[in-house]
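Engineer: I'd like to ask you about the structure that follows.
The values are calculated or read from the model by the stated rules, or taken from the named source; none is laboratory data. Just so it is clear, the model here is predicted, and its values are computed rather than measured. All Cβ positions, glycine included, derive from the backbone under ideal geometry; neighbour counts span all protein chains shown.
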Amino acid sequence: MLEKLDELLEKAQQELAQVADLESLDTWRVTYLGKKSDLNQLLRNVGQLSREERPLVGQRGNEVKMALEAAYEARAEVLKSAHLAIGLEAERIDVTLPGRPVRVGHLHLSTQSLREIYDIFARMGFQVYDAREVETDYYNFELLNMPPAHPARDMWDTFYLADTLLLRTHTSPGQIHAMRQYCPEPIRVILPGKCYRYEQVTARSEFMFHQVEGLAVGKNITMADLKGTMYNLARQMFGVDRKVRFRASYFPFTEPSVEVDMDCIICRGAGCRVCKHSGWLEISGAGMVHPVVLKNGGYDPAIYSGFAFGMGVERPAMLKYGIDDIRYFFGNDLRFLRQF
């Protein structure tokens, strides 16, 4: 029995020296230290030996087992260190290589268009006035000459937050805030911001969009001043060859009221879904400030006059860059946004 234990120890040590990876090492452990190993089988037969042989064989068996366990632990440490070194080498970073370029973000197309509009109106003497997006019914409608139940309110499908609180349907309420702040001084301001309307989303309309309101109040301001401002905007933004037309319209807060159209750059007047196959695209609603609105803003309509306009931001950008669907602006598709 003692000879078998010595032979087993020698054989196990020889095989252990040949083990080259952790998987083979685990196989060796099961073979020589597992429950069904030859060593355990020999130790189970100790009880069959004579009284004199039992302590000698038992002692030798424990020595062999301890020697194999110690050899296993030592070999495991060697293999783990080697495995770690190989992994580190594979993951080694060559700091002398050039770095990977990081894509730099840029302004959204709507923001770029807004800033261009700011620059154009700044050259015409307008300043930017910030107004709130959450408005009261009083400012959004009543002070703009639309009392409760006025039929003109149906022109705007409104998101109401409470009985008298709403998301502004246009930037026009900002006119009252600006006039009341600067009255009786003459003013020239633009009021940019988001507007919200509960309407169908199509290629040319969204439920949320940017708008720029314009307001000029002073003495002896006429429709000619409004026309000159809109012509100058169109030609600075879209080129000196742009065609602009004015159509009579109706807005309760201006009198007279007009729609300002520009020839469609996308189809060059042939007709497309963006211009509703008319060859023209509306870029602004405008007119002379209604006397009631002037009075609500604090100005005496017998002394002062003014013009106002409201223009989109996404639609002019669609014209300028040949975009045929307004839904691209807020679709968060990087393939579209990275083009501008």
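Engineer: Looking only at residues in the range 94-116 that are under 15 Å from the mean Cα position of the chain (by Cα) and among the hydrophobic types (A, V, I, L, M, F, W, C), which one is farthest from Val313 (Cα to Cα)?
Structural biologist: Val104
Engineer: Shifting gears a bit: Tell me, yes or no, whether the range 202-215 has at least one residue that is farther than 19 Å from Leu114 by Cα and surrounded by 21 or more Cβ atoms within 10 Å (Cβ to Cβ).
Structural biologist: Scanning the range 202-215 turns up no residue that is farther than 19 Å from Leu114 by Cα and surrounded by 21 or more Cβ atoms within 10 Å (Cβ to Cβ).
Engineer: Could you list, in sequence order, all residues of the range 277-286 that are under 30 Å from the mean Cα position of the chain (by Cα) and either of a type outside the set (Gly, Ala, Ser) or outside the structural domain of Val212 (by TED's automatic domain parsing) (or both)?
Structural biologist: Leu281, Glu282, Ile283
Engineer: Quick one: Arg245 ticks every box in (1) over 14 Å from Phe121 (Cα atoms); (2) at pLDDT 95 or above; (3) of a type outside the set (Ser, Thr, Tyr) except a single one, so which number is it?
Structural biologist: Arg245 satisfies all of (1) over 14 Å from Phe121 (Cα atoms); (2) at pLDDT 95 or above; (3) of a type outside the set (Ser, Thr, Tyr) except (2).
Engineer: Tell me, which residue of the range 239-252 that is out of contact with any strand residue (DSSP E or B) (no Cβ under 7 Å at 6 or more places or on another chain) and of a type outside the set (A, V, I, L, M) is nearest to Glu116 (Cα to Cα)?
Structural biologist: Gly239
Engineer: Here is a further query. Before we move on, is Ser284 touching a Leu at 6+ places or on another chain (Cβ under 9 Å), modelled with pLDDT of 90 or more, not basic (Lys, Arg) and not in a helix (DSSP H, G or I)?
Structural biologist: In short, yes.
Engineer: Separate question: Could you tell me whether the range 216-223 includes any residue that is part of a strand (DSSP E or B), more than 27 Å from Met155 (Cα to Cα) and not aliphatic (A, V, I, L, M)?
Structural biologist: Checking the range 216-223: at least one residue is part of a strand (DSSP E or B), more than 27 Å from Met155 (Cα to Cα) and not aliphatic (A, V, I, L, M).
Engineer: Let me ask something additional. I'm trying to understand the selection: among the residues of the range 270-289, which are surrounded by fewer than 20 Cβ atoms within 10 Å (Cβ to Cβ) and either under 23 Å from Thr171 (Cα atoms) or touching an Asp or Glu at 6+ places or on another chain (Cβ under 6 Å) (or both)?
Structural biologist: Trp280, Glu282
Engineer: Yes or no: Glu259 touching a Lys or Arg at 6+ places or on another chain (Cβ under 6 Å), in contact (Cβ under 8 Å) with a residue 24 or more places away in the chain and part of a strand (DSSP E or B)?
Structural biologist: Taking the combined requirement at face value, the residue satisfies it.
Engineer: Any chance you could count how many residues in the range 160-170 are within 24 Å of Ile190 (Cβ to Cβ) and surrounded by fewer than 16 Cβ atoms within 10 Å (Cβ to Cβ)?
Structural biologist: Residues meeting the conditions: 0.
Engineer: A further question on this structure: Before we move on, is Asp225 more than 19 Å from Pro173 (Cα to Cα), of a type outside the set (Gly, Ala, Ser), touching a strand residue (DSSP E or B) at 6+ places or on another chain (Cβ under 8 Å) and crowded, with 20+ Cβ neighbours inside 10 Å?
Structural biologist: No.
Engineer: Here is a further query. Which numbered condition in (1) farther than 18 Å from Lys320 by Cα; (2) of a type in the set (Val, Ile, Thr); (3) in contact with a helix residue (DSSP H, G or I) (Cβ under 6 Å, 6 or more places away or on another chain) is the only one that Val258 fails?
Structural biologist: (3)
Engineer: Now for a different question. Hey, any hits in the range 309-323 for a residue that's hydroxyl-bearing (Ser, Thr, Tyr) and under 24 Å from the mean Cα position of the chain (by Cα)?
Structural biologist: yes
Engineer: When the range 135-156 is examined, which residues are found to be in contact with a strand residue (DSSP E or B) (Cβ under 8 Å, 6 or more places away or on another chain) and polar (S, T, N, Q)?
Structural biologist: Hits for the range 135-156 are Thr136, Asn140.
Engineer: Please pick out the residue among Arg242, Arg247 that is assigned by TED's automatic domain parsing to the domain that holds Arg115, farther than 30 Å from His150 by Cα and either not in a helix (DSSP H, G or I) or not acidic (Asp, Glu) (or both).
Structural biologist: Step by step, each of Arg242, Arg247 is checked, and only Arg242 is assigned by TED's automatic domain parsing to the domain that holds Arg115, farther than 30 Å from His150 by Cα and either not in a helix (DSSP H, G or I) or not acidic (Asp, Glu) (or both).
Engineer: Shifting gears a bit: Identify all residues within the range 287-332 that are of a type in the set (Gly, Ala, Ser), under 28 Å from Glu185 (Cβ atoms) and part of a strand (DSSP E or B); write none if there are none.
Structural biologist: Selection gives Gly287, Ser305, Gly306, Ala308, Gly310.
Engineer: From (1) out of contact with any helix residue (DSSP H, G or I) (no Cβ under 7 Å at 6 or more places or on another chain); (2) under 23 Å from Glu206 (Cα atoms); (3) surrounded by fewer than 20 Cβ atoms within 10 Å (Cβ to Cβ), pick out the condition that doesn't hold for Lys320.
Structural biologist: Tallying (1) out of contact with any helix residue (DSSP H, G or I) (no Cβ under 7 Å at 6 or more places or on another chain); (2) under 23 Å from Glu206 (Cα atoms); (3) surrounded by fewer than 20 Cβ atoms within 10 Å (Cβ to Cβ), Lys320 fails exactly one: (1).
Engineer: Hey, could you check the range 120-153 for residues that are more than 19 Å from Gln175 (Cβ to Cβ) and in contact with a helix residue (DSSP H, G or I) (Cβ under 9 Å, 6 or more places away or on another chain) and say which is surrounded by the most Cβ atoms within 10 Å (Cβ to Cβ)?
Structural biologist: Ile120
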